[in-house]
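Asker: Pasting a structure below so you can have a look.
Derivation of every value follows stated rules applied to the coordinates shown; laboratory data play no part. Just so it is clear, the structure is predicted and the values come from calculations on it, not from any experiment. Neighbour counts are summed over all protein chains in view; Cβ atoms, including those assigned to glycine, are modelled from backbone coordinates with ideal geometry.
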Amino acid sequence: MTLGVLAVLAMAFVMFAGFWTDWLWYRSVHYSSVFTTTLWTKIGLFFVFGLLMAAAVGVNIWLAHRLRPPLSAMSMEQQSLDRYRMAIAPYKKWILIGVTALVGLIAGASAAGQWRTWLMWVNGVSFGQKDPQFHLDVAFFAFDLPWYRFLLGFGFAATVLSVIAAALTHYLYGGLRITSPGGRATAAATGHLSVLIGVFVALKAVAYWLDRYGLAVKSSDFKATDNWTGLRYVDANAYLPAKTILFCIAVICALLFFATLWRRTWQLPVIGFGLMVLSAILIGGLYPAIVQKFQVQPNEQAKEAPYIAKNIKATREAYGIKDVKPESYDGTGTVSENAQQKRDAADAAASYRLNDPNIVSPTFQQLEQKREYYQFPMTLDVDRYKGQDTVIGLRELNLDKLDKRNWINDHFVYTHGYGAVAAKGTETGKGSKGEPAFTERGLPTNGSLGDYEQRIYYGEKTKSYAIVGGPQKELDYEQSGRQETYSYEGRSGVDLSNPVNRAAYAITLSEPQILYSGAIGDGSRLLYNRTPKERVEAVAPWLTIDGDAYPTVVGGRVQWVVDAYTTVNNYPYSSWTTLGDTTADSLSDKDSQRAVIAQQNRVNYIRNSVKATVDAYDGTVKLYTWDEKDPVLKTWKKAFPGTVKDRGDIPRDLMDHLRYPQDLFKVQRQLLTKYHVTDPGPFYNGSDAWQVPNDPAKQQNSAVPPYYLSMKTPGQDQQQFSLTTTFTPSKRPNLSAFLAVDADASSKDYGKFTLLRVNKGDPYGPEQVQNKLVSLPEVGNFIRDMKGAASDVLYGNLMTVPLKNGFLYVEPMYVQGRKSPYPQLKKVAVSYGSENVFADSLGQALDKLFRTQGDTPVEPPDEPGDGDKEKPDKDKPPASDNPDLQEAIDDAQKAIDEGKEALKNDDWEAYGKAQEKLQDALERAEEAQSKPSEKDGKPQKPDGNDQGGDGGG
């Protein structure tokens, strides 16, 4: 008995520990209201719907038992059931309680999971917009309809379970007979079951009625788009009237079932039910198929045009791209036109970020890691400090690199990272060998960021718990062979001086040493949930979190900035998208934690409504309103009052570092590949569809990531911090459009899109430009030389900048020796129109491109699509009358072409053979040039009056 009691108490404490530790954590971050609101909502739903389900099933079992017939004249069938009745007779009450409790627990647990649906329904606010079909506020579809569907599903479940339970009870006590001759059911059983089936049919009528509104948010495959949402012609003209007719039939059928209380016969209800089933097949299935086949398909584009227009309008509104309008842009600028002006304009067009945050992380790691147990993220962040684009990363802790791993070292001694390291985005260090120009470096760091709290207790790579502030001292940092120690002074974390707390966390973290370790004492605090994403998700579980938190140094602190989104998946007529898939790009595999929204949420409405910050030292989480008009955020602020601060509370110095979020931009650009078209005709045909090009600098076929870049778009007087991307026509490599959004939160034009649509020719797209750049002979020689020196060439981000009716492409190239630990910027490749150059620096490349070293610009080669006029090919040598020389020239040209093709395919063996052929051809050409041609084999007549040897005599 003692062991049994102890076991029960232990199980109870284990269950209590999870609840208690959650409460302690929420209290430590000052968001206990989120915990209590969520908890009480779940408890309320659990008990209300659990009791309703238990009552529905229990009452019907009791009623069926109460309506049982007398057993005086028992049939053989009933005699065989008699032993079961006798067996359960002493336990009838407990069986009834047990069955009802079981179904109640299952139903209650299921209902508790609908806490978000309940809170959105009870707190929902108006969108101020109406759907085009039913003219109801969008809030009905976003907030009300999901709750009504849950209630309907619950009603069906309760009714079906009640029918099954009542039927079994009637059968057990003789109200129903299956094999016996004569009457199959008593009048009481008939009436009871008929009413329950009538309730089921009535619920089906309600389902038909709700299905009418569900058509506005129904997803289906459609030629115009794979992710179509909303009514189409067949829905509006066949399914909608069919659902209305079926609703009326279901109501009549339900009344017939209820009428059995007086008529005591199943004949009419069964006929009515059969009619309803037949109508569902004919009206709800066959009739829409006929309409689709014979009315829609022969002229689908014209029939669907009004519904496509509604879908386009709703989708652009739901994803915040309704104001994005393509601007006509030439796109085919040439070097020869106003070359000097273009050279000057190129300097002012953008701050070309030569330090690629996706490549220079190993450079930060090697030069500024300082200790093996520190690390930088694989993809650094881009921010602005003192008006300059800056690449920045935090020196976080990496426990995997510790020389000695044990519980004390992992959780008490090595507890935090140290300092931010930053470099100019546009420059390399003076006198360096292609290394970044650091503006903040060292351990402790010093530089342009000023004084700030450098200890990083909360970060993207900080995933294990730490116990700080107690008897055990922490390692602060090592300098000049000396170890500095530290004891945490923040108020973050959970106090472990309480033995109950220690016991609870010993169970929750599966670490019994927490309970008795001498390293824990007065002042000890437990830090966990230490990544910015985890903390924001916990305090705001109703938000969807951006995949890339980024650090800022403001107000003497390191603050992580986390973009958060409000989403719904029931916006009428708006096409849906899956966030995890849409936000993936070429960086996803490299650093998946930061590259994409982790959730595979299927949504059709999204807003960046909240900007959150997480203090890297004490973990303080603050949520700020960003989109003050968003009705979804207003709804959640009603549900969780006081959790989200007003927009006006954002500190001024923090505002300077807020930016347009990448994941939202990726979702919007993916939608714009189709929804830049607002005319239903071309939209249906897909004749003007675009695609996001693959990243030209990567081997795998994955979307190019958007780039943060300070630049000017046509019409702007000065550079703006922007987020940019390019588009190409569907299944074609040429450039079709360029998209930029003002990403500076302090700008009055924040969130304004510029979409430049190419209206002339077929300018080269990013992948074509990349191929042209790597095909340059000097690039090939550079790559060959680096390969020979056991070094790898890494391609940086290929930046696209609008410049004087054309597009300027800039790509930094890095070299990393196979024995060298980090890449160094060595070359810059630049392309404009059909001109491509390769130089040691950006300035030299631009000078070379626009030929401004004092020479008059030469005529450029043909632009793509330059009509039928024949012009000389600058890459093709002139023809020669000497056949040997001509043959050598042809062979040399062929070798050059083979070399370019080999470079495109990274086939270095083929490239080497092509270079050998080229060398041989050049040698033969030199030989042939020194010999006379066949035409010159005979002596030529001299010029002037000389008419021959014997003339004039």
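Asker: Give me the distance in nm between label points sitting 7 Å out from Cα along the Cα-to-Cβ direction at K92 and S448, one decimal.
Answerer: For K92 paired with S448, the spin-label model returns 8.7 nm.
Asker: I want to check the label-to-label distance for T37 and R732. Put each point 7 Å from Cα in the C-beta direction and report it in nm to one decimal.
Answerer: A separation of 5.2 nm, rounded to one decimal place.
Asker: Next up: Please give me the summed charge of the neighbours of S448: other residues whose Cβ is under 13 Å from its Cβ, Lys and Arg +1, Asp and Glu -1.
Answerer: Charge balance in the 13 Å sphere: +1.
Asker: Moving on. Pull up all non-local amide H partners of A737: gap of 5 or more, or a different chain, and H-to-H distance under 5 Å with H placed in the peptide plane.
Answerer: F727, V758
Asker: On to the next question. Put +1 on the Cβ of every Lys and Arg and -1 on every Asp and Glu Cβ in the chain; which of A423, L275, W690 then has its Cα farthest towards the positive end of the dipole?
Answerer: L275
Asker: Sum -39500 (n - 2.57) across every DSSP H segment of at least 4 residues in the chain, then divide by the residue count to get the 222 nm mean residue ellipticity, nearest 500.
Answerer: That calculation yields -12500 deg cm²/dmol at 222 nm.
Asker: Select one label from [x] 37.3, 160; [y] 33.2, 129; [z] 49.3, 165: the one whose number is Rg and Dmax of the Cα atoms in Å as derived from the coordinates shown.
Answerer: Checking each listed value against the structure points to [x].
Asker: In addition: D495 label point, 7 Å along Cα→Cβ, cut-off 12 Å on backbone N: hits in the range 14-41?
Answerer: Only 28 pass the distance filter.
Asker: Output ³J(HN,Hα) for the range 418-424: one whole-Hz value per residue in order, computed from phi by the Karplus curve 6.51 cos²θ - 1.76 cosθ + 1.60 with θ = phi - 60°, and x for Gly and Pro.
Answerer: My calculation for the range 418-424 gives 8, x, 9, 10, 9, 8, 5 Hz in order.
Asker: Take the Cβ-Cβ distance between L261 and L515 as r, set R0 to 60 Å, and report the resulting FRET efficiency rounded to the nearest 0.05.
Answerer: The calculated FRET efficiency here is 0.40.
Asker: Right, something else. Just rank H135, H192, fewest to most, by other beta-carbon atoms within 10 angstrom.
Answerer: Least to most surrounded, the residues fall as H135, H192.
Asker: Neighbouring Cβ atoms within 10 Å as the yardstick, rank E811, E435 fewest first. Walk me through the numbers before you get to the answer.
Answerer: Details: E811 26, E435 20.
If I rank by nearby Cβ atoms, fewest first, I get E435, E811.
Asker: Under 15 Å from the Cβ of A423, count the other residues' Cβ atoms, weight Lys and Arg +1, Asp and Glu -1, and hand me the total.
Answerer: On the way: positive: R353, R384, K386, R395, K424, K430, K433, R441; negative: D356, E368, D381, D383, D389, E427, E435, E440.
Every neighbour counted, the sum reads 0.
Asker: Kindly write out, for the range 59-64 in residue order, the coupling ³J(HN,Hα) from the Karplus curve 6.51 cos²θ - 1.76 cosθ + 1.60 (θ = phi - 60°), rounded to whole Hz, with x marking Gly and Pro.
Answerer: Rounded to whole hertz, the list is 5, 6, 5, 4, 5, 5.
Asker: With r as the distance between the Cβ atoms of L210 and R602 and R0 = 22 Å, compute the FRET efficiency 1/(1 + (r/R0)^6) and round to 0.05. Please report the intermediate quantities before stating the final value.
Answerer: Numbers: r = 20 Å, r/R0 = 0.92.
So, using R0 = 22 Å, E works out to roughly 0.60.
Asker: Using amide H atoms built 1.01 Å from N in the peptide plane, name the residues 5+ places from T225, or on other chains, whose amide H lies under 5 Å from its own.
Answerer: none
Asker: Still on this structure, I have one more. Distance in nm between label sites at Q129 and K645, each 7 Å beyond Cα in the beta-carbon direction?
Answerer: 3.0 nm
Asker: When the dipole is taken about the Cα centre of the range 387-508, and only Lys, Arg (+1) and Asp, Glu (-1) are charged at their Cβ, what size is it in debye, to the nearest 20?
Answerer: Once rounded to the nearest 20, the dipole reads 260 debye.
Asker: While we're looking at this one, here's another question. Taking R0 as 56 Å, what FRET efficiency do you get between E337 and M11 from their Cβ-Cβ distance, rounded to the nearest 0.05? Kindly include the intermediate steps, with their values, before the conclusion.
Answerer: Values: r = 82 Å, r/R0 = 1.46.
For R0 = 56 Å, the calculated efficiency reads 0.10.
Asker: Report the charge-dipole magnitude of the chain in Debye, nearest 20, computed about the Cα centre from +1 at each Lys and Arg Cβ and -1 at each Asp and Glu Cβ.
Answerer: Using only the charged Cβ atoms, the result is roughly 6280 debye.
Asker: I need to check one value: relative contact order of the chain, counting alpha carbon pairs closer than 8 Å and at least 6 residues apart, in percent.
Answerer: 11 percent
Asker: Let me ask you something else. Enumerate the amide H contacts of N570 below 5 Å, restricted to partners 5 or more residues apart or on another chain; note that Pro and chain-start residues carry no placed amide H.
Answerer: Amide H neighbours of N570, under 5 Å, 5+ apart: N604.
Asker: What's the exposure ranking of I178, I245, I514, going from fewest to most Cβ atoms within 10 Å?
Answerer: Taking fewest neighbouring Cβ atoms as first place, the list is I178, I245, I514.
Asker: Now for a different question. Pulled fully out, how much extra length does the chain show between L286 and L168, if you take 0.36 nm times their separation in residues and subtract their Cα-Cα distance?
Answerer: Computed gain between L286 and L168 is 38.8 nm.
Asker: Same structure again: Given 0.36 nm per residue, what is the gain on full extension from K313 to D226 after removing their alpha carbon distance, in nm?
Answerer: Length gained between K313 and D226: 29.6 nm.
Asker: So for the chain: antiparallel DSSP bridges make up what percent, rounded to the nearest 5?
Answerer: 95 percent
Asker: Once the piece of chain linking L136 and K325 is laid out straight, how much longer is it, given 0.36 nm per residue of separation minus the C-alpha distance between them? Display every interim value, and only then the final one.
Answerer: Details: separation 189, 0.36 × 189 = 68.04 nm, distance 2.81 nm.
Extra length available between L136 and K325 comes to 65.2 nm.
Asker: Read phi for every residue in the range 8-21 and hand back ³J(HN,Hα) as whole Hz from Karplus 6.51 cos²θ - 1.76 cosθ + 1.60, θ = phi - 60°, with x for Gly and Pro.
Answerer: Each residue of the range 8-21 in turn: 5, 5, 5, 4, 5, 5, 4, 5, 5, 4, x, 5, 5, 5 Hz.
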